[in-house]
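S.K.: The structure under discussion is supplied below as structure tokens; questions concerning it will follow.
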Amino acid sequence: MKEIGSSEEEIFSYLSSVREEDLTYDRILSSMCTRPHPVAIRAHMQFIETNLGDPGLFPGTMGLEDELIRMLGELFHHAGAGGYATSGGTESNIQALRIAKKQKSVDHPNVIIPASAHFSFDKACDMLGLEMRSVPLDANYRMDIDSVSNAVDARTVGIVSVVGTTEYGMIDPVREIGEIAGDNDIFFHVDAAFGGLVAPFLPKIAPWDFSIPSVSSISVDPHKMGMSTIPCGALLLRDPAAFGCLNVDTPYLTVKKECTLAGTRPGAPVAGAYAVLRYLGCEGLSAIVSGCMENTRRLIEGMEAFGYPRAVTPDVNVATFDCPVTPSGWRVSRTRQGHMRTVQMPHVTRDVVESFLETIGESHA
């Protein structure tokens, strides 16, 4: 590591040089995070020292967290949902499976997840001693319903579906999977870490949230399409009392029991998420989603004009292609099947899409 002095000027000169090593967002098409909204940054800085790990010391920030959960609950058709702000989808998914396991005490418990599920479920099952039953996808990269039915048995403590899959941007048939969960009295978690702030603003979208009676919990990440500062996720439960099974004694804090996974929890991103949702409202969020979806369609159109077909028509703003080219100077990723993967976040403007297509065209020539 480079030796630097201890003066403020030397430290920040070094930090500036380090920051220059990072790619600017204008050239990144592989991220499900984006530049935070200016309103989020302003709110974040105002609450920079707050710690929701000891919420009684910061009652105002705790109130903002409650309000953020209420707003998300209303968006997901259940204003009475309980929840808290997490560090993101991984923590939310771990906590959901902890609750599922505690609510149904069986030997050798298993959970059923789609093959498209985020790798956080591998972590969760490893930590919790759960058998992870990964079921195949259908031709459109959605969770196969018949395979879910076949995987359920008396030891199944949870079923997971995804709204906005990480690799292909698909929405699982949540209502049909929910019927299986409901018929078998199984905890049903919807991982909407990405799609939770996209799907509510898509036209003619099938029900996927708490409007389905069997949905037990939902994870959503405001630091993705909600343009909050990092890290800010949220876990919402239909029954707020279900968090009680996770409580541990915290006798030396201002609250005497806590259900959260993390101890120290920053309040600043919560304030940022609240501020953006309040500032934009449903109308503003809908306009942003509409723009991202339009840019997704434009990218698909342009790529196919160069002979690189889409792998699937996505439900949300993720586009994948049968394209072996990795364009110089751009950051894209690859799915497990080898398809080029791009995500059209708010920072991926129409000009960015056109510039990317221009680079693809040069490579194609």
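The values are calculated or read from the model by the stated rules, or taken from the named source; none is laboratory data. All values derive from a computational prediction rather than experimental measurement. Neighbour counts are summed over all protein chains in view; Cβ atoms, including those assigned to glycine, are modelled from backbone coordinates with ideal geometry. In case anyone asks, the SASA skips ligands and DNA or RNA and just uses the protein heavy atoms, side chains included. Shrake-Rupley method; radii C 1.70, N 1.55, O 1.52, S 1.80 Å.
S.K.: Which of the residues that make up segment 258-299 are in contact with a strand residue (DSSP E or B) (Cβ under 6 Å, 6 or more places away or on another chain) and either under 20 Å from Ile41 (Cα atoms) or open to solvent by 40 Å² or more (accessible area, probe 1.4 Å) (or both)?
M.R.: Matches in segment 258-299: Thr264, Val270.
For every residue, the table says whether it meets (1) closer than 30 Å to Val157 by Cβ; (2) open to solvent by 30 Å² or more (accessible area, probe 1.4 Å); (3) part of a helix (DSSP H, G or I); (4) of a type in the set (Ser, Thr, Tyr).
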site	(1), (2), (3), (4)
Leu23	no, yes, no, no
Val39	no, yes, yes, no
Glu74	yes, yes, yes, no
Ala85	yes, no, no, no
Leu97	yes, no, yes, no
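S.K.: Any idea how many residues of segment 150-170 are within 21 Å of Gly195 (Cβ to Cβ), in a loop (DSSP other than H, G, I, E, B) and β-branched (Val, Ile, Thr)? Don't jump to the end; show me each part of the working.
M.R.: Kept after step one, since they are within 21 Å of Gly195 (Cβ to Cβ), are these residues of segment 150-170: 158-170.
Restricting the remaining residues to those that are in a loop (DSSP other than H, G, I, E, B) gives 164-170.
Right, trim to β-branched (Val, Ile, Thr) and you get 165-166.
Within segment 150-170, residues that are within 21 Å of Gly195 (Cβ to Cβ), in a loop (DSSP other than H, G, I, E, B) and β-branched (Val, Ile, Thr) number 2.
S.K.: Moving on to the next point. Tell me whether segment 43-51 contains one or more residues that are open to solvent by less than 20 Å² (accessible area, probe 1.4 Å), in contact with a Cys (Cβ under 9 Å, 6 or more places away or on another chain) and at pLDDT 95 or above. Before the answer, list the steps.
M.R.: Filtering segment 43-51 down to residues open to solvent by less than 20 Å² (accessible area, probe 1.4 Å) leaves 43, 50.
Retained after the next criterion (residues that are in contact with a Cys (Cβ under 9 Å, 6 or more places away or on another chain)): none.
No, because not a single residue in segment 43-51 is open to solvent by less than 20 Å² (accessible area, probe 1.4 Å), in contact with a Cys (Cβ under 9 Å, 6 or more places away or on another chain) and at pLDDT 95 or above.
S.K.: Residue by residue through segment 314-343, note down the ones that are of a type outside the set (Asp, Glu), touching a helix residue (DSSP H, G or I) at 6+ places or on another chain (Cβ under 8 Å) and assigned to a loop (DSSP other than H, G, I, E, B).
M.R.: Once the filter is applied, which keeps residues that are of a type outside the set (Asp, Glu), touching a helix residue (DSSP H, G or I) at 6+ places or on another chain (Cβ under 8 Å) and assigned to a loop (DSSP other than H, G, I, E, B), segment 314-343 yields Pro314, Val316, Asn317, Cys323, Val325, Pro327, Ser328, Gly329, Trp330.
S.K.: Which ones in segment 116-132 are under 20 Å from Asn150 (Cα atoms) and open to solvent by 60 Å² or more (accessible area, probe 1.4 Å)?
M.R.: Glu131, Met132
S.K.: Something else about it: Could you run through segment 105-115 and say how many residues are open to solvent by less than 60 Å² (accessible area, probe 1.4 Å) and assigned to a loop (DSSP other than H, G, I, E, B)?
M.R.: Summing the residues that are open to solvent by less than 60 Å² (accessible area, probe 1.4 Å) and assigned to a loop (DSSP other than H, G, I, E, B) in segment 105-115 gives 3.
S.K.: Output the qualifying pairs, or none if there are none: Cβ atoms under 7 angstrom, residues six or more apart or on different chains, first residue in segment 123-149 and within 27 Å of Ala319 (Cβ to Cβ) and in a loop (DSSP other than H, G, I, E, B), second residue open to solvent by less than 70 Å² (accessible area, probe 1.4 Å) and aliphatic (A, V, I, L, M).
M.R.: Listed by first residue and then by second, the contacts come to Pro136/Ala115; Asn140/Met170; Asn140/Val312; Tyr141/Met170; Tyr141/Val312; Arg142/Met170; Asp144/Val135; Asp144/Leu137.
S.K.: Then there's this: For residues that are touching a residue at least 12 places away in the same chain (Cβ under 8 Å), aliphatic (A, V, I, L, M) and within 16 Å of Met345 (Cα to Cα), tally how many sit in segment 277-300.
M.R.: Qualifying residue count, segment 277-300: 6.
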